[in-house]
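The values are calculated or read from the model by the stated rules, or taken from the named source; none is laboratory data. Treat the numbers as computed from the prediction; the structure is a model and nothing was measured. Counting neighbours? That spans all protein chains shown, and the Cβs are built from the backbone with ideal geometry, glycine included. The area values use the complete protein model at the heavy-atom level, side chains included, leaving out ligands, DNA and RNA. Shrake-Rupley method; radii C 1.70, N 1.55, O 1.52, S 1.80 Å.
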2 protein chains.
Amino acid sequence: MRDSPPHTFTLSFIHLDREANAPLYRQIYSGLREAILQRRLAPGVRLPSTRDMADLFDVSRNTVVNAFEQLMAEGYVEARVGSGTYVTDRLPEAFLQAYRSEPPVRLHDGVRTLSRRGQSFARHYRSPARPLNHSLFLHGRPDVSAFPFETWARLAAKRYRDLPRRLFGYSRHPAGYRPLREAIAGYLRTARALRCEPEQIVIVSGSQEGLYLAGQVLLDPGDRAWIEDPGYMGARSALLCADAELCPIPVDDGGIDVDAGVEKAAGARVAYVTPSHQFPLGGTMSLARRSRLLQWSAASDAWILEDDYDSEFRYKGPPLASLQGLDVNRRVIYAGTFSKVLFPALRLGYLVIPGDLVEAFLVARSVVHLNAPIFEQVVLVDFMDGGHFNTHVRRMRTHYQERRDVFVEAAERELGGCLELGPADAGLHVTGWLPAGVDDEAVARRASELGIAVLPLSRLCLAQPPRPGLVMGFGAARPEAIPDGVRRLGQAITEVVEKGKECRERDML
Amino acid sequence: MRDSPPHTFTLSFIHLDREANAPLYRQIYSGLREAILQRRLAPGVRLPSTRDMADLFDVSRNTVVNAFEQLMAEGYVEARVGSGTYVTDRLPEAFLQAYRSEPPVRLHDGVRTLSRRGQSFARHYRSPARPLNHSLFLHGRPDVSAFPFETWARLAAKRYRDLPRRLFGYSRHPAGYRPLREAIAGYLRTARALRCEPEQIVIVSGSQEGLYLAGQVLLDPGDRAWIEDPGYMGARSALLCADAELCPIPVDDGGIDVDAGVEKAAGARVAYVTPSHQFPLGGTMSLARRSRLLQWSAASDAWILEDDYDSEFRYKGPPLASLQGLDVNRRVIYAGTFSKVLFPALRLGYLVIPGDLVEAFLVARSVVHLNAPIFEQVVLVDFMDGGHFNTHVRRMRTHYQERRDVFVEAAERELGGCLELGPADAGLHVTGWLPAGVDDEAVARRASELGIAVLPLSRLCLAQPPRPGLVMGFGAARPEAIPDGVRRLGQAITEVVEKGKECRERDML
């Protein structure tokens, strides 16, 4: 005897989809739960027996039992001995309200109470979703199309086959894969004259994380930190996140002006520098300044953060020795990255840390994010050990130099009158100075309309910029596209300069 | 006429290695630089001409020119017009000292001035290098040997071939690869009853990073945060890093005691909870407590951090719906990870964030470490879209259930008198209570000597532990190894209990 005809009506809103990914019991569970929350199944109502419901939905009784057990576990229904299963009448009001007035997820409707840091994060948000239709001359971009992915894929395939499975578990060392640290130490000793042992190396997810960790370990809130001005924004954010007070120190073709730094903020705890290739101006820090900086740091118990982001690519003479290699007082934390020299999406970089500071960095690394994925580290070791790394660096140096030559030649020809190029001896970008008074943001906006992505220098300045300028990347630009791109950039500059003149003339009338 | 015979003597210490990786100019440069720094080549000394040196070393003149240019760029030598190249006599004293008294890199010789946070990091360091000879019953370990790496490798190989190269550049979205966020949102809606859109999802490098970011965005220094006691240590570290004041809230088989939390710290800003499967006790938070927790958070403007670390593996009934799915006030930040369900070295997890908080998290993510590596994200989407993810979860549920059954049966048989098991309905571990007064650290030490890796419960307690216990992982243990392992664990317990009795008896004499 069927004892519950009314339910066949009540449950008609549950439609099972036998093709769906979700198992049938789950669909029944969801349907009943929804109905209870929406009060389609009122509190106290008795549900059909599992047998009846199995008939009703044409499923096995076990499927219904599973759904019931789930509902019971979560408190939506309760069994009464010898009587059957009932919708609970003690369902919390809040859950029911959820369904009565379910609001859509609202994005961007103002920020609720966050921490001060959280609020600051929210204020500094710039939508990254803006589609970037063009990237010609975007700074800091390596040419990923020239990376030997076939070789990489071959090494990876081999490792998927033969890598001991335990390496796919949790790593026990936050410093990263030991053979990679050995390979990096060897490379840095030879190529960058670093003094380092594998024990001093911590693998990080690109230099950004390295700078962030250094800020956390080295800086207390309110501590002062030298920052190059103009300089790299990512470093600025990392140090600000440690609640440091930034001290912008001027920069010229010889790198950061150390004397100005000492005069301005001798008591700073940290100096962030890019001695091999200042970002963005492109200069190399002179030996005298290196010496002065190291002296200052030793004398005032301060740390130096050396960011060596693209030193592999130097076109005039070989790469300069690192600051770290000259330091006897172990005051330098050296940050390097594989983003430029291999490819950015690899997300691998490294810190070289004075021995007595290593443990603090390792704990910081563990708390922030345990460690980097192992697989890329293993493949990278094979890539380095197999000689592919050295080959790639050599090949790319020529590759980028060709692009630099084309770019510089075109820029001198097309932009000679309106853009004065800074040093272009190294790296993937060059910075050019605009005539005084020209609005570099306006130039960048107009250039963007013409399909060119340049960075206004003023955006990298903390104190008043001495002169407006543009940061232009040539590394990812196809040589055949460069001359026309430079011409369009020239058009953007000319238009903004002309408009500026008109305005001034109008003002004088 | 050879004009510099003495130099042939002076330079005899430079040995070129024509088989070495470093180019010859680099070896000459290094040798000369070393000699200058060591004063083997004194300040003011004139170097041989490039032609002579080329003869001397049997290299091309260009090689020597390159070495000289490098030395000149770095300030070690200087050219005097019409006269030749000289070792500079203005070499900074500090550089020379470096070579006179070069100290070896000393590790572990005490920490110099770090930030307070840095000092705290250093204090909390525990050597991770300790070799772990045995891992039987280590908690939180999935069975990576059961992961279908062949399938994964096949999907990866395809992607190395066909993935657009631009995806190997810098990602423009710190939230992570959009198709992965879509796949995760779909999965969470179906399997965990979450209410979420892809826009609310931020891909992180495992849940540790998710918890860390949440701490940074939500907590000001001195803010109070509920933490389960006993509870997950990684969450504790993440919140401590935000300088929060931790409020340990007791836990029982029904999860965190919400009433106790409200009584103890009603004004807390954040509650960290593991409602699906409390770590380590294994309970599931009751519906009543869930409701109470959500009410409290809405009424007191507090946030809930829901850590759903292993909810995929539930052996009794299907997975419980998430707390996030019940919340109408968008007060829950939900953290999930692929570490347990796939493999830990993947280092991928996710946060589901209320819409109006997303931007703050994205900025925090950018500053801390830009974004996760793209390649694994792409392969993971293929893995999910191809149905491999669902298959794997289903297969592993059975796999782990078998191990749980063997473990629980062995433990009840072998340890019945001395270890009382808590709930084992889900996850990869079970916690057992030892008799009052037994030193669980001593048990763990003795077990370790017998080749068993268990975690003493007292180590997870902030306030006084109610009773000593052991956290035991069965997920990565081969079923055939379990009975003997449990027997050895029993031996360790018995020995420590007996020794304790003896001591007490001695004390009474």
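Dividing the convex hull volume of the alpha-carbon atoms in chain A by its residue count gives 236 Å³ per residue. Amide H to amide H distances under 5 Å link A:Asp229 with A:Ile249, A:Val251, where only residues 5 or more positions off or on other chains count and H is placed in the peptide plane. Charged side chains reduced to their Cβ positions (Lys and Arg at +1, Asp and Glu at -1) give the protein assembly as shown a dipole of some 940 debye around its Cα centre.
Calculated mean residue ellipticity, 222 nm, the protein assembly as shown: -13500 deg cm²/dmol, from DSSP H runs (n ≥ 4) at -39500 (n - 2.57) each, averaged per residue and rounded to 500.
For the range B:361-441, the Kirkwood hydrodynamic radius comes to 16.7 Å, computed from all pairs of different C-alpha atoms. Across the range B:476-493, coupling constants 3J(HN,Hα) worked out from phi with the 6.51/-1.76/1.60 Karplus curve, θ = phi - 60°, read 9, 8, 5, x, 5, 8, 5, x, 5, x, 5, 4, 5, 4, x, 4, 4, 4 Hz, and Gly and Pro carry x. Distances between copies at A:Val81, taken between label points 7 Å from Cα along the C-beta direction, are 11.1 nm in increasing order. Along the range B:23-40 the Karplus relation, 6.51 cos²θ - 1.76 cosθ + 1.60 evaluated at θ = phi - 60°, assigns HN-Hα couplings of x, 4, 4, 5, 5, 5, 4, 4, x, 5, 4, 4, 5, 5, 5, 7, 6, 5 Hz to successive residues, with x for each Gly and Pro. Taking amide H positions as modeled 1.01 Å from N, with prolines and chain starts lacking one, no residue 5 or more places away or on another chain lies under 5 Å from A:Val438. Taking 40 Å² as the minimum loss, tell me which residues in the range A:157-181 lose that much accessible area going from the chain by itself to the full protein complex (1.4 Å probe). When all protein chains are present, A:Tyr160, A:Arg165, A:Phe168, A:Tyr170, A:Arg172 each give up 40 Å² or more of accessible surface.
Maximal additional length on extending the B:Leu167-B:Glu441 stretch stands at 93.7 nm, based on 0.36 nm per residue less the C-alpha distance.
Would you mind working out the accessible area per residue for the range A:374-454, using a 1.4 Å probe, and quoting it in Å²?
Values: 3110 Å² over 81 residues.
Here the residues of the range A:374-454 average 38 Å² of exposed surface.
Legend: residues A:His399, B:His369, sorted from most to least accessible area (1.4 Å probe; ligands, DNA and RNA excluded), read A:His399, B:His369.
Is there a pair in A:Lys264/A:Lys340; B:Lys264/B:Lys499; A:Lys340/B:Lys158 whose C-alpha atoms are over 27 Å apart, and which pairs would that be?
Details: A:Lys264/A:Lys340 33 Å; B:Lys264/B:Lys499 38 Å; A:Lys340/B:Lys158 25 Å.
Cα-Cα > 27 Å for A:Lys264/A:Lys340; B:Lys264/B:Lys499; rest within.
Loop-located trypsin sites (Lys or Arg not before Pro) across the range B:311-400 with a Cβ neighbour count of 16 or fewer within 10 Å are B:Lys316, with loop assigned by DSSP. Take A:269-276, A:303-310, A:185-192, B:301-308 and order them by the average number of nearby Cβ atoms within 10 Å per residue, most first; the result is A:269-276, A:303-310, B:301-308, A:185-192. Placing a label point 7 Å from Cα along the Cα-to-Cβ axis, A:Arg467 is separated from the same position in the other copies by 7.9 nm, shortest listed first. The angle separating the long axis of helix B:287-299 from the principal Cα axis of greatest extent in chain B is about 60 degrees.
Using only Cα atoms, tell me the angle between helix B:61-73 and the longest principal axis of chain B; keep it within 0 to 90° and round to the nearest 10. That helix lies at roughly 70 degrees to the long axis. Computed from backbone phi with θ = phi - 60° and the Karplus coefficients 6.51, -1.76 and 1.60, the 3J(HN,Hα) list for the range B:243-258 is 6, 6, 8, 7, 10, x, 10, x, 10, 9, 5, x, x, 5, 7, 4 Hz; x is used for glycine and proline.
Express the Stokes-Einstein translational diffusion coefficient of the range A:205-325 in µm² s⁻¹, to the nearest whole number, given a Kirkwood radius over alpha-carbon pairs, 4 °C and a viscosity of 1.567 mPa s.
Numbers: Rh = 14.2 Å.
For these conditions, the coefficient is 91 µm²/s.
Only Cα sites of the range B:349-399 enter the Debye sum here, all with the same form factor; the resulting log10 I(q)/I(0) across q = 0.20, 0.21, 0.26 1/Å is -0.84, -0.86, -0.96, listed in q order.
Using the C-alpha gyration tensor of the protein assembly as shown, what are the square roots of 5 times its eigenvalues, in whole angstrom, with the largest one first? It would help to have the intermediate numbers written out before the result.
On the way: eigenvalues 659, 240, 137 Å².
Gyration-tensor ellipsoid for the protein assembly as shown: 57, 35, 26 Å.
Taking all protein chains as they are arranged and a probe of 1.4 Å, the heavy atoms of B:Glu409 leave approximately 120 Å² accessible to solvent. The contact residues of the range B:334-355, meaning those that lose at least 30 Å² of 1.4 Å-probe accessible area when all protein chains sit together rather than their chain alone, are B:Pro344, B:Ala345, B:Arg347, B:Gly355.
In terms of accessible area, using a 1.4 Å probe and ignoring ligands and nucleic acids, A:Val251, B:Val202 rank largest first as A:Val251, B:Val202. For chain B, with all protein chains in place and a probe radius of 1.4 Å, 50% of the accessible heavy-atom surface sits on carbon or sulfur.
Solvent-accessible area per residue for the range B:266-361 at a 1.4 Å probe radius, Å²? List each step's numbers first, then the result.
Details: 1590 Å² over 96 residues.
That works out to 17 Å² per residue.
If you take all C-alpha pairs in the range A:13-91, what percent of them are over 20 Å apart? It works out to 24 percent of all Cα pairs. Shielding by partners for peptide B:24-33, expressed as the average number of C-beta atoms from other protein chains within 10 Å of each residue's C-beta, is 2.
How big a patch of accessible area, both sides summed and in Å² to the nearest 100, lies buried between B and A at a 1.4 Å probe? Write down the numbers at each step before the final one.
Working: alone 25360 and 25380 Å², together 39780 Å².
Interface area, both chains combined: 11000 Å², rounded to the nearest 100.
In terms of solvent-accessible area of protein heavy atoms at a 1.4 angstrom probe, what is the ranking of A:Thr88, A:Thr494, A:Thr63, highest value first?
Values: A:Thr88 5, A:Thr494 70, A:Thr63 25 Å².
From most accessible down to least: A:Thr494, A:Thr63, A:Thr88.
For chain A, the longest principal axis of the Cα atoms and the long axis of helix A:388-414 meet at an angle of about 60 degrees. Comparing the full protein assembly with the isolated chain (1.4 Å probe, heavy atoms, ligands and nucleic acids excluded), the residues of the range B:266-291 losing at least 40 square angstrom of accessible area are B:Leu287, B:Ser291.
Which trypsin sites (Lys or Arg not before Pro) does the range B:433-487 hold that lie in a coil by DSSP with at most 14 other beta carbons within 10 Å?
On the way: sites: B:Arg445, B:Arg446, B:Arg459, B:Arg487; in loops: none.
Here no loop site has a sparse enough neighbourhood.
Using square roots of five times the C-alpha gyration tensor eigenvalues, list the equivalent-ellipsoid semi-axes of the range A:301-412 in whole Å, biggest first.
Numbers: eigenvalues 171, 83, 33 Å².
So the equivalent ellipsoid measures 29, 20, 13 Å along its semi-axes.
Measuring only protein heavy atoms, the 1.4 Å probe finds B:Asp17 accessible over about 80 Å². For B:Leu421, the residues whose amide H sits under 5 Å from its own are B:Trp433, ignoring neighbours fewer than 5 places away on the same chain, with H placed 1.01 Å from N.
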